[in-house]
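The values are calculated or read from the model by the stated rules, or taken from the named source; none is laboratory data. Quick caveat: nothing in here was measured; it's all calculated off a predicted structure. FYI the Cβ positions are ideal-geometry reconstructions off the backbone, even for glycines, and counts take in every protein chain you see. The area values use the complete protein model at the heavy-atom level, side chains included, leaving out ligands, DNA and RNA. Shrake-Rupley method; radii C 1.70, N 1.55, O 1.52, S 1.80 Å.
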Amino acid sequence: MSIHKKASSTIAVGLVATLALTACSSDGPSAENGDATGTVNLTLLVDVSDQSMNIANAVVDAFNESQDGIEMEIESRPGGTDGDNLIKTRLATGEMNDVFNYNSGSLFAALDPANNLVALTDQPFMEGIDETFKTATKSGDDFYGVPFEQAMGGGILYNKSVYADLGLEVPKTWDQFMDNNAKIKEAGIDPVIQTYADTWTSQLFVLADFHNVSATQPDWAEKYTANEAKFAEEPALKGFERLQEVYDAGYLNKDFASATQSQGMQQLVDGTGAHYPMLTFAISSYVDLAEDAAENIGFFAQPGDDEGNYGLTAWTPGGFYVPKSTEGQQLDAVMTFLEFAASPAACDAVSDATTPNGPYMITECKLPDGLPAAVGDLQQYFTDGNASPALEFLSPIKGPNLEKIAVEVGSGIATAADGAARYDEDVKKQAQQLGLDGW
């Protein structure tokens with residue numbers, strides 16, 4: 001499974017398996033516009049995962065309690081392909097709920113926003129939404145989404161005790177990172193943990209490097225989509241080269257080919273491994289592995305070649321969207337709901353109901369105290385304005401075989417150049433299926 005699927009179809013909904021469609025509202029998408037008391041009734045369509053339902057319930061309950069004139073109810077839908085098809089069918093037939101939750105990035109773009117969704121560009125509440133998220137829910141000149149859930153980062157989880165014991169500092173260039181790895185290996189600790197039994201984890205050095213690519217060439221994603229830029233060429237080749245470099249240097253755990261993600265997390269927490277390339281959704285998976293895990297595991301963005309451009313590759317959360325079939329008093333009521341959803345009151349309600357694994361994409365929202373240290377590390381990149389979207393939020397193209405190719409490069413079976421060239425061929429097939437110009 002690709003990171004695109006993990007981040008946009010699975011990670012973004014908490015890695016919960018798809019369940020059958022169930023309705024939490026007896027009215028469904030055709031709820032009446034109002035009742036005898038003048039209340040406007042709305043429905044919100046949300047994927048059925050526990051994480052998404054918990055967040056949706058927290059926001060909706062707080063919204064319903066905040067005023068008397070609007071009543072929001074929730075309907076659930078499947079995740080994955082079934083959920084995608086349901087959303088596209090309802091949009092095409094004009095039977096979509098008043099507002100719905102869906103991914104940002106390339107999956108959002110596939111909804112043909114200009115023809116199917118209501119633009120939110122001129123709404124005052126959009127001024128308080130993080131620019132990274134707005135970029136991932138932009139089509140043409142307009143913005144269409146209000147954030148749902150929190151953001152993730154792609155980078156490196158690290159053991160802070162190992163760093164302290166060896167007198168290391170968080171690296172801001174790849175050379176500094178490799179110097180740290182050399183000192184860690186000398187101390188008898190595995191510098192880099194890889195877990196290729198879970199093949200999707202092999203992709204992080206490639207995909208988390210995209211901030212460095214876009215910092216070097218800001219229009220790379222646009223050129224890539226138009227078949228004018230390749231992974232087999234600089235600067236994108238660097239991600240594959242980084243995979244090869246840590247293998248060639250002998251910095252991996254001996255069982256990298258057979259280790260699972262859970263085993264990698266345990267090794268990181270135990271301090272027998274120092275670095276684990278990972279998405280920050282995984283923070284919740286290690287906090288119970290040791291008493292000090294929450295405080296002892298930190299996070300930093302994947303370094304590149306230029307310290308001046310150091311920053312985070314971000315996976316933005318899904319959003320709330322409004323179909324064009326929502327009109328009149330329903331549309332006015334939905335805007336009232338979105339104004340609330342984009343407020344600190346909504347974030348506070350979510351924080352009370354769940355444990356955030358990353359920063360909110362609403363600039364006035366604050367994370368609660370007592371979260372794992374890595375969450376605070378991640379937050380700082382957004383606070384400093386030092387984050388940019390992952391490639392999958394800027395381009396619809398992602399080949400299905402990246403994880404397999406990354407395993408080969410990261411295992412010394414294929415060179416970085418060969419792997420990147422093969423991946424360029426892999427994405428070519430998908431681009432042609434999408435009917436993109438230039439392919």
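Evaluate segment 410-423: report whether one residue or more is more than 12 Å from residue 240 (Cα to Cα), open to solvent by 10 Å² or more (accessible area, probe 1.4 Å) and of a type in the set (D, E, K, R).
no
Hey, does segment 236-247 have a residue that's in contact with a Ser or Thr (Cβ under 8 Å, 6 or more places away or on another chain), among the aromatic types (Phe, Trp, Tyr) and open to solvent by less than 60 Å² (accessible area, probe 1.4 Å)?
For segment 236-247, residues in contact with a Ser or Thr (Cβ under 8 Å, 6 or more places away or on another chain), among the aromatic types (Phe, Trp, Tyr) and open to solvent by less than 60 Å² (accessible area, probe 1.4 Å): absent.
Listed here are the residues, each with its yes/no results for (1) open to solvent by less than 10 Å² (accessible area, probe 1.4 Å); (2) assigned by TED's automatic domain parsing to the domain that holds residue 103.
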{"site": "128", "(1), (2)": "no, yes"}
{"site": "133", "(1), (2)": "yes, yes"}
{"site": "139", "(1), (2)": "no, yes"}
{"site": "143", "(1), (2)": "no, yes"}
{"site": "146", "(1), (2)": "yes, yes"}
{"site": "173", "(1), (2)": "no, no"}
{"site": "179", "(1), (2)": "no, no"}
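Quick check, is residue 190 surrounded by fewer than 17 Cβ atoms within 10 Å (Cβ to Cβ) and more than 25 Å from the chain's Cα centre (by Cα)?
On the way: surrounded by fewer than 17 Cβ atoms within 10 Å (Cβ to Cβ): no; more than 25 Å from the chain's Cα centre (by Cα): yes.
Here the answer is no, as residue 190 does not meet what is asked.
Select, from 344, 368, the only residue that is closer than 20 Å to residue 53 by Cα and open to solvent by 40 Å² or more (accessible area, probe 1.4 Å).
Details: 368 fails: closer than 20 Å to residue 53 by Cα.
Sole residue among the options that is closer than 20 Å to residue 53 by Cα and open to solvent by 40 Å² or more (accessible area, probe 1.4 Å): 344.
Sort out which residues of segment 181-202 are over 18 Å from residue 269 (Cα atoms) and of a type in the set (Lys, Arg), and write them in order of number. So that I can check it myself, show each step before the final result.
Of segment 181-202, the ones over 18 Å from residue 269 (Cα atoms) are 182-183, 186, 196-200, 202.
Within segment 181-202, just 183 meets the criteria.
Does residue 222 meet the test of being among the acidic types (Asp, Glu) and not in a helix (DSSP H, G or I)?
no
Before we move on, is residue 390 in contact with a strand residue (DSSP E or B) (Cβ under 7 Å, 6 or more places away or on another chain) and either open to solvent by 30 Å² or more (accessible area, probe 1.4 Å) or more than 24 Å from residue 137 (Cβ to Cβ) (or both)?
Values: in contact with a strand residue (DSSP E or B) (Cβ under 7 Å, 6 or more places away or on another chain): yes; either open to solvent by 30 Å² or more (accessible area, probe 1.4 Å) or more than 24 Å from residue 137 (Cβ to Cβ) (or both): no.
No: the conditions fail for residue 390.
Scan segment 342-361 for residues that are over 28 Å from residue 160 (Cβ atoms) and in contact with a helix residue (DSSP H, G or I) (Cβ under 6 Å, 6 or more places away or on another chain) and jot them down.
Correct list: 342, 346, 349, 353.
Is it true that some residue in segment 282-292 is assigned by TED's automatic domain parsing to the domain that holds residue 355 and open to solvent by 60 Å² or more (accessible area, probe 1.4 Å)? Steps first, answer last, please.
Initially, segment 282-292 is screened for residues assigned by TED's automatic domain parsing to the domain that holds residue 355, giving none.
No, every residue in segment 282-292 fails to be assigned by TED's automatic domain parsing to the domain that holds residue 355 and open to solvent by 60 Å² or more (accessible area, probe 1.4 Å).
If I filter segment 49-65 for residues that are outside any helix (DSSP H, G or I) and open to solvent by 20 Å² or more (accessible area, probe 1.4 Å), do I get at least one hit?
Among the residues of segment 49-65, not one is outside any helix (DSSP H, G or I) and open to solvent by 20 Å² or more (accessible area, probe 1.4 Å), which makes the answer no.
Has segment 189-201 got at least one residue that is assigned to a helix (DSSP H, G or I) and either within 20 Å of residue 105 (Cα to Cα) or outside the structural domain of residue 156 (by TED's automatic domain parsing) (or both)?
Yes, that holds for at least one residue.
For residues that are open to solvent by 30 Å² or more (accessible area, probe 1.4 Å) and of a type in the set (Gly, Ala, Ser), scanning just segment 67-96, find the one that is farthest from residue 341 (Cα to Cα).
The extreme case among them is 92.
How many of the residues making up segment 156-188 are closer than 19 Å to residue 248 by Cβ and either in a strand (DSSP E or B) or β-branched (Val, Ile, Thr) (or both)?
Start the filter on segment 156-188 by keeping residues that are closer than 19 Å to residue 248 by Cβ, which leaves 156, 171, 173-186.
Remaining after also requiring either in a strand (DSSP E or B) or β-branched (Val, Ile, Thr) (or both): 156, 173, 184.
Total satisfying the criteria: 3.
Would you mind finding the one in 273, 311, 328 that is in contact (Cβ under 8 Å) with a residue 12 or more places away in the chain and open to solvent by 10 Å² or more (accessible area, probe 1.4 Å)?
Numbers: 273 fails: open to solvent by 10 Å² or more (accessible area, probe 1.4 Å); 311 fails: open to solvent by 10 Å² or more (accessible area, probe 1.4 Å).
None of the others qualify; the one that does is 328.
On the given criteria, is residue 122 surrounded by fewer than 23 Cβ atoms within 10 Å (Cβ to Cβ) and assigned to a helix (DSSP H, G or I)?
Spelling it out, it is not the case that residue 122 is surrounded by fewer than 23 Cβ atoms within 10 Å (Cβ to Cβ) and assigned to a helix (DSSP H, G or I).
In segment 107-119, which residues are farther than 23 Å from residue 55 by Cα and either outside any loop (DSSP other than H, G, I, E, B) or hydroxyl-bearing (Ser, Thr, Tyr) (or both)?
Those that are farther than 23 Å from residue 55 by Cα and either outside any loop (DSSP other than H, G, I, E, B) or hydroxyl-bearing (Ser, Thr, Tyr) (or both): 109, 113, 114, 115, 116.
Read through the list (1) open to solvent by 10 Å² or more (accessible area, probe 1.4 Å); (2) in a loop (DSSP other than H, G, I, E, B); (3) of a type in the set (Gly, Ala, Ser), then give the number of the only condition that residue 215 fails.
Unmet for residue 215, out of (1) open to solvent by 10 Å² or more (accessible area, probe 1.4 Å); (2) in a loop (DSSP other than H, G, I, E, B); (3) of a type in the set (Gly, Ala, Ser): (2).
Results for (1) under 16 Å from residue 192 (Cβ atoms); (2) under 24 Å from the mean Cα position of the chain (by Cα); (3) modelled with pLDDT of 95 or more; (4) polar (S, T, N, Q), shown as yes or no for each residue.
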| position | (1), (2), (3), (4) |
| --- | --- |
| 228 | no, no, yes, no |
| 236 | no, yes, yes, no |
| 239 | yes, yes, yes, no |
| 247 | yes, no, yes, no |
| 254 | yes, no, yes, no |
| 266 | yes, yes, yes, yes |
| 284 | no, yes, no, yes |
